[in-house]
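J.: Following this message is one structure expressed as structure tokens.
The values are calculated or read from the model by the stated rules, or taken from the named source; none is laboratory data. Given the structure is predicted, the values throughout are model-derived calculations rather than measurements. Reconstructed Cβ throughout: ideal geometry from the backbone, glycine too, with neighbour counts over all protein chains shown. Surface areas here come from the heavy atoms of the whole protein model, side chains and all, with no ligands, DNA or RNA. Shrake-Rupley method; radii C 1.70, N 1.55, O 1.52, S 1.80 Å.
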Amino acid sequence: MKFYALSGHPNKPCSVLRFKQCTIMLDCGLDETTMLNFLPLPLVPSRRLASLPTWTPKEQPQVEGELRECAGKVFIDSPPEFCPPQTSLIDFSEVDAILVSNYTSMLALPFIVAERGFRGTVYATEPTLHIGRLCMDELLYHMEQTPRAQHAQHWKRLLHLLPAPLCHAYKPKLWRQLYSADAIADAVRRVHTVGYGEKMDVFGALRVMPSSSGYCLGSANWTISSEYEKIVYVNGSSTLTTHPKQLEQAQLRGARVLILNGLTQVPSYNPDDMIGAFCAKVAHTLKGGGNVLVPCCPSGIVYDLIECLAPYLDQQSLSQVPLFFVSPVAEHSLAYSNILAEWLSHNKQVRVYLPEEPFPHGQLVAGGRLRPYKNLQADGFSAEFRQPCVVFAGHPSLRFGDTVHFMELWGGNAANAVIFTSPDFPYLECLAPYQPLAMNYYFTPIDTSLYFSQANKLIRDLKPQALLTPAQYASPVQRSECQLEADCPVLTYRRGDVLTLPVRRAHQRLQLSAELSERLSPVPVGPGVAAATVTGLLHVQDNRHRLDVAPTPASEAASLQELTEARPRYHTYGAVHVP
Amino acid sequence: MPEIKVTPLGAGQDVGRSCILVSIGGKNIMLDCGMHMGHNDERRFPDFSYIADGSLTEHLDCVIISHFHLDHCGALPFMTEMVGYSGPIYMTYPTKAIAPILLEDMRKVAVERKGESSTSFFTSQMVKECMKKVTAVNLHQTVQVDSEIEIKAYYAGHVLGAAMFHVRVGDQSVVYTGDYNMTPDRHLGAAWIDKCCPDLLITESTYATTIRDSKRCRERDILKKVHECVERGGKVLIPVFALGRAQELCILLESYWERTNLKVPVYFSLGLTEKANNYYKMFITWTNQKIKKTFVERNMFEFKHIKPFDKSYMENPGPMVVFASPGMLHAGLSLNIFKRWAPDEKNMLIMPGYCVVGTVGHKVLNGAKKVEFENPRTVVDVRMAVEYMSFSAHADAKGIMQLIQYCQPKNVMLVHGDAEKMVFLKSKIQQELSLDCFNPANGETCTIVTKPTIAADVSLSLLKRDLQPVAEIGDLRVKRRKLLHGVLMVKGNKVRVLDSDAACAELGVTRHEIRFTSTVTLEDPGPVSRTIDKLHTHLQKRLGITQHLGDGPINIGSVLLQVSGSDQEDLKEAIVSWTYQDDALGSYILNSIKNIDR
């Protein structure tokens, strides 16, 4: 069994497993942190951004205009680019199946599917597909709102001349611009939706099955099994009770190899404390007459934020403050979350039987408290917009989308605040191109993924025979609370690694047909053991092996083949009785 | 021989009160637990005493409910709370949400309006308690009931949340379809199942003899009739169940009213409806693709032209269209409206679904011109036009055959249909698909014998050796068929197939090597080497050996052929020796040499 690591980001994994002649890709996460090297794309031309001084290395005039400096840091003045999974390790046309664990780990799917000769099937749960699509659509929409004619390319050749952190960028020549709407549509067409506990057959050789991982709507861990071997792939699991259906462990036990990814990115922040801190910061800012910007993704934690914030503000007698949710997919996201009862936690699920909507945001929208808008130009936004207010908007990197507009609008006033809740981006880097900044900023990251201590407990419970994790999790320089411990052998990987996993096949399942079974006459050969000789014709179809009655050779037409194949029905052993 | 035993307690050559007992691999499973709408006495519920005199929980391993119609789930609270059953119950999420509403509604009709003593019927609390015991399942989710029973639901399309269930115990399996629909309609998709090859398919056969014409035509037809009726000032009554067909008919009428700009009021009996539409909204993932796609922009279940009905509207003059529950005219609002409107020939009654025997709906459909009612004793003349619309979402004969072909069962059983119609479909299945087909009556047990296969673990080394297309046997290279030869070892419940040598080693058995040797005297003057050549040529002709072996002995596998004697003697001794394993080859060669001169 071989394992190919195509991504080095533990929370945006992409790897490939080769086993029993099947090639299975595990997730296709997109590393978005590359975006932070680029300047923000404003919706309306920004005088501040346009007047930033250009930065040119000595005697390299072709880079002129590609780089600009802001508050001592150099940024690329171009639409942001992304680092897709490594393409050189395997041939994507050989990928038979892609297993997607959650919508945050599928944003590179259009890149993979667009590879020449890709023929595989993508397996994802229905919410993963739908919300993943919303996220991709949002990315694309934001990008298309701020088109640029030119893409900076020259700087990539002069990496060695650039200041840090740009000079440390990982292979920028591999970076790609965002995919097109057609590429998204192609990717979505490849997806076969599955439910938790649904066993899918991969060429008869393997079975793959998702089970709930408790991280977000429709998030899944995957078991990949044959009759004898079981591999468990865990990515982004949570043992906390928020809105998604809780983590299911039963199917994950006793694996030959447990592949563990997507642990918390902010191990020193407790999500419960953070959501409390978030509400307090919002209320504090609003009371001071300021506005609050919450950069966020269009689904996921934002549901919990809204659910907690609305009653909290009511208690603080701030119920007149409007909550705006600005995203091209805001309405879809809110509506969609309320029709996914099967995928929700028990408490949310029982509401459906009343019947009441599982999330309160339907009520909040109906009552005018929460207002979803497609964008800032949408009908009614200018009329409804009043300050102070709370705005939930994308993109959390502050590089494009409506957040850029609000940063430019509110950044100069010390009463306002931006509150980061996404653990995906280092907030200081997000803010770097907006410096100097008068507005307040807070970091209350909410990452419900497993802590290291929770992961260690999970590993103890699941008792795998071997553990495979990103190298970051096993590095000895890590602090003790950020280290994985396991009683079994631990294998680690980095981007570009190819590993041989300790799984050796010894057996194959064989079905003996009814007719053949009837002819067998096992004799006892030891305590509790019976044996019979068996000769049969082997059929292999769809990787399934079946043994049937061998045709009896016609008595006369004896060929060498038939004669050599004829085997006696009995073996001779034991005491010889010679009278 | 292992067998599957099936006994319908209801729905055997009958429609209503679906309840089928299946014994498979030592497990007892109940499929559906319905009530009969046509009866008011103990025949209403299945005869649970048939299962066991004592506790049902001990005898039943699980209960599976296919969908929320009362003839499939109506007896469930009675069974769990009054007879007593606390084992697992499975149904889909929408069924779990909607079934208690319908049960409660039916309970009210039965207890309050008919004035039945509450002791013979379950209470609201019992419905709630019963639903607490239910485990909701998702489509295609493989649910492990216990270590042996595995169930999996498939989309059935009949109503929201309707499912077919695949039940597997060991290597035996049964598919129960519940009610299903093979053609997508306005709000639901078509039933689908994969090629799961069960030992038995238990399918409904409501429309066993019907081949329905195109759906569009039927819709046009019914809309035309409604239009004509309201134009001449008549009132149209459409009895429906609050959930299911009702939603599809509403969508149909809504779009027709929109298109034709009709101003005649359309009403829907209040209460259940609003809630029902809410359920449809929240379980929209169980409807069809089109509704799913557009639900954010436009919710199909919010109607502009259809308004809530008030009882007082019944007396209003002028045309109107009213949807009222229940669907079989056996009680409640629809029956009240019917009594009021039936005597006027301007009016029209559209029955959009099947009616069980004994209901007013069934009588009227069969052309009854007078319907008698008890307490108070009245006779209602039926002068209104009565139209039956084969609209209810069951598979027709073609659909049933199609499903059988999808899932490739080894046997078929028909339930939930009329006895005579079943006979027709049964012969069709036997002739066209050459499958055994059963249609037991209620209480009659069918035994289906299954052929067991044995699952064994075969070592990869043996598999690889015997899968080699070419093998070396002694000096020979022989082309091989995929013939596997080994030893089957049974230890506890572990079955393995091993290479003979490996098996012997594991068992600590030393095999005796037996060698047979036989001498044939040949009359063949000349040098010994010529005799060997002659034998070789002979065997070459017979067996197609290709090697030239020179002067030495001839080796074919373990068979050794030697010639002794001197060049001068006329008689030569041919010695043939072979091992027990190669007995067939050795005997053949020996015989062949004996008869060399013939």
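J.: With respect to B:GLY38, determine if the residue is under 21 Å from B:VAL240 (Cα atoms) and at pLDDT 90 or above.
T.: no
J.: On to the next question. From A:LEU41, A:LEU26, which residue is assigned by TED's automatic domain parsing to the domain that holds A:LEU99, surrounded by 21 or more Cβ atoms within 10 Å (Cβ to Cβ) and in contact with a Phe, Trp or Tyr (Cβ under 9 Å, 6 or more places away or on another chain)?
T.: A:LEU26 is the lone residue from the list that is assigned by TED's automatic domain parsing to the domain that holds A:LEU99, surrounded by 21 or more Cβ atoms within 10 Å (Cβ to Cβ) and in contact with a Phe, Trp or Tyr (Cβ under 9 Å, 6 or more places away or on another chain).
J.: Of everything in the range B:146-170, what is in contact with a strand residue (DSSP E or B) (Cβ under 7 Å, 6 or more places away or on another chain) and open to solvent by 30 Å² or more (accessible area, probe 1.4 Å)? Give them in sequence order.
T.: Scanning the range B:146-170 gives B:GLU148, B:GLU150, B:LYS152, B:TYR155, B:ARG168.
J.: Condition (residue is open to solvent by less than 10 Å² (accessible area, probe 1.4 Å) and outside any helix (DSSP H, G or I)) applied to the range A:376-383: is it met by at least one residue?
T.: No, because not a single residue in the range A:376-383 is open to solvent by less than 10 Å² (accessible area, probe 1.4 Å) and outside any helix (DSSP H, G or I).
J.: State whether the residues of the range A:23-42 include one that is of a type outside the set (D, E, K, R), modelled with pLDDT under 90 and assigned to a loop (DSSP other than H, G, I, E, B).
T.: So far as the range A:23-42 goes, no, none of its residues is of a type outside the set (D, E, K, R), modelled with pLDDT under 90 and assigned to a loop (DSSP other than H, G, I, E, B).
J.: Next question. What are the residues in the range A:50-66 that are at negative phi, out of contact with any Gly (no Cβ under 7 Å at 6 or more places or on another chain) and surrounded by 13 or more Cβ atoms within 10 Å (Cβ to Cβ), if any?
T.: Those that are at negative phi, out of contact with any Gly (no Cβ under 7 Å at 6 or more places or on another chain) and surrounded by 13 or more Cβ atoms within 10 Å (Cβ to Cβ): A:LEU52, A:TRP55, A:THR56, A:PRO57, A:GLN60, A:VAL63, A:GLU66.
J.: Kindly list the number of the only condition in (1) crowded, with 18+ Cβ neighbours inside 10 Å; (2) in a loop (DSSP other than H, G, I, E, B) that fails for B:ILE20.
T.: Checking B:ILE20 against (1) crowded, with 18+ Cβ neighbours inside 10 Å; (2) in a loop (DSSP other than H, G, I, E, B), the one that fails is (2).
J.: Residues of the range A:338-361 being buried (at least 18 other Cβ atoms within 10 Å of the Cβ), within 11 Å of chain B (Cβ to nearest Cβ) and in a helix (DSSP H, G or I), which ones?
T.: Listed by number, the residues that qualify are A:ALA341, A:GLU342, A:TRP343, A:GLN349, A:VAL352.
J.: Could I ask something else about it? Only strands (runs of 3 or more DSSP E) wholly contained in the range B:431-476 count here; list those with 2 or more residues that are within 8 Å of chain A (Cβ to nearest Cβ) and modelled with pLDDT of 90 or more.
T.: B:454-459
J.: So, in the range A:521-539, how many residues would count as being part of a loop (DSSP other than H, G, I, E, B), at the interface with chain B (Cβ under 7 Å from one of its Cβ atoms) and surrounded by fewer than 16 Cβ atoms within 10 Å (Cβ to Cβ)?
T.: 1
J.: If I filter the range B:253-283 down to residues being modelled with pLDDT under 85 and open to solvent by less than 20 Å² (accessible area, probe 1.4 Å), which single residue comes out as farthest from the other protein chains (Cβ to nearest Cβ)?
T.: B:SER269
J.: Same structure, new question: Return the total of residues in the range B:334-346 being over 43 Å from the mean Cα position of the chain (by Cα), open to solvent by less than 70 Å² (accessible area, probe 1.4 Å) and touching a residue at least 60 places away in the same chain (Cβ under 8 Å).
T.: The total comes to 1.
J.: All but one of (1) touching a Phe, Trp or Tyr at 6+ places or on another chain (Cβ under 7 Å); (2) closer than 30 Å to A:GLU227 by Cα; (3) touching a residue at least 24 places away in the same chain (Cβ under 8 Å); (4) of a type outside the set (Lys, Arg) hold for B:ILE514; which doesn't?
T.: Failed condition: (2).
J.: State yes or no: is A:GLU69 in a loop (DSSP other than H, G, I, E, B), surrounded by fewer than 17 Cβ atoms within 10 Å (Cβ to Cβ) and free of Cβ contacts under 8 Å to residues at least 40 places away in the same chain?
T.: no
J.: If you don't mind, another one. Is it the case that B:LEU349 is more than 20 Å from the chain's Cα centre (by Cα), assigned to a strand (DSSP E or B) and crowded, with 22+ Cβ neighbours inside 10 Å?
T.: yes
J.: Right, here's the next one. Identify all residues within the range A:272-298 that are open to solvent by 10 Å² or more (accessible area, probe 1.4 Å) and of a type outside the set (A, V, I, L, M, F, W, C); write none if there are none.
T.: A:ASP272, A:ASP273, A:GLY276, A:LYS281, A:HIS284, A:LYS287, A:GLY288, A:GLY289
J.: Provide a single number: the residues in the range B:484-511 that are surrounded by 12 or more Cβ atoms within 10 Å (Cβ to Cβ) and either of a type in the set (Ser, Thr, Tyr) or in contact (Cβ under 8 Å) with a residue 24 or more places away in the chain (or both).
T.: 10
J.: Restricting to the range A:189-228, give me the number of residues that are within 14 Å of chain B (Cβ to nearest Cβ), over 21 Å from A:ASN543 (Cβ atoms), open to solvent by less than 10 Å² (accessible area, probe 1.4 Å) and not in a loop (DSSP other than H, G, I, E, B).
T.: 4
J.: Moving to a separate point now. Quick one: which residue in A:PRO311, A:PRO372, A:PRO328, A:PRO355 is modelled with pLDDT of 90 or more and either farther than 16 Å from A:SER299 by Cβ or touching a Pro at 6+ places or on another chain (Cβ under 6 Å) (or both)?
T.: Being modelled with pLDDT of 90 or more and either farther than 16 Å from A:SER299 by Cβ or touching a Pro at 6+ places or on another chain (Cβ under 6 Å) (or both) holds for just one of A:PRO311, A:PRO372, A:PRO328, A:PRO355, which is A:PRO311.
J.: Can you give me the number of residues within the range B:410-423 that are under 11 Å from the mean Cα position of the chain (by Cα) and open to solvent by less than 10 Å² (accessible area, probe 1.4 Å)?
T.: Of the residues in the range B:410-423, 3 are under 11 Å from the mean Cα position of the chain (by Cα) and open to solvent by less than 10 Å² (accessible area, probe 1.4 Å).
To keep it simple, each residue is scored yes or no on (1) more than 29 Å from A:LEU134 (Cα to Cα); (2) assigned by TED's automatic domain parsing to the domain that holds A:GLU342; (3) not acidic (Asp, Glu).
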position: A:TYR170; (1), (2), (3): no, no, yes
position: A:LYS173; (1), (2), (3): no, no, yes
position: A:SER180; (1), (2), (3): no, no, yes
position: A:ALA185; (1), (2), (3): no, no, yes
position: A:ASP201; (1), (2), (3): no, no, no
position: A:GLY204; (1), (2), (3): yes, no, yes
position: A:VAL208; (1), (2), (3): no, no, yes
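J.: Show me the helices (runs of 4 or more DSSP H) found entirely inside the range A:387-474 where at least 3 residues are aromatic (Phe, Trp, Tyr) and over 30 Å from A:ALA255 (Cα atoms).
T.: Qualifying helices (runs of 4 or more DSSP H): none found.
J.: Still on this structure, please answer the following. With respect to B:LEU160, is the statement that it is part of a loop (DSSP other than H, G, I, E, B) and either more than 14 Å from chain A (Cβ to nearest Cβ) or under 13 Å from the mean Cα position of the chain (by Cα) (or both) true?
T.: Spelling it out, it is not the case that B:LEU160 is part of a loop (DSSP other than H, G, I, E, B) and either more than 14 Å from chain A (Cβ to nearest Cβ) or under 13 Å from the mean Cα position of the chain (by Cα) (or both).
J.: Would a scan of the range A:473-493 turn up a residue that is farther than 17 Å from B:ARG496 by Cβ, surrounded by 13 or more Cβ atoms within 10 Å (Cβ to Cβ) and within 14 Å of chain B (Cβ to nearest Cβ)?
T.: No: zero hits.
J.: When you go through (1) in contact with a helix residue (DSSP H, G or I) (Cβ under 8 Å, 6 or more places away or on another chain); (2) surrounded by 20 or more Cβ atoms within 10 Å (Cβ to Cβ) one by one for A:ILE231, which number turns out not to apply?
T.: (1)
J.: Moving on. What about B:VAL497, is it within 14 Å of another protein chain (Cβ to nearest Cβ) and within 27 Å of B:ASP466 (Cβ to Cβ)?
T.: Answer is yes for this residue.
J.: So, of the residues in the range B:294-314 that are modelled with pLDDT of 85 or more and outside any helix (DSSP H, G or I), which turns out to be most open to solvent (accessible area, probe 1.4 Å)?
T.: Step by step, filter the range B:294-314, then rank; the result is B:LYS307.
J.: Can B:PRO376 be described as modelled with pLDDT of 90 or more and assigned to a loop (DSSP other than H, G, I, E, B)?
T.: No, not satisfied.
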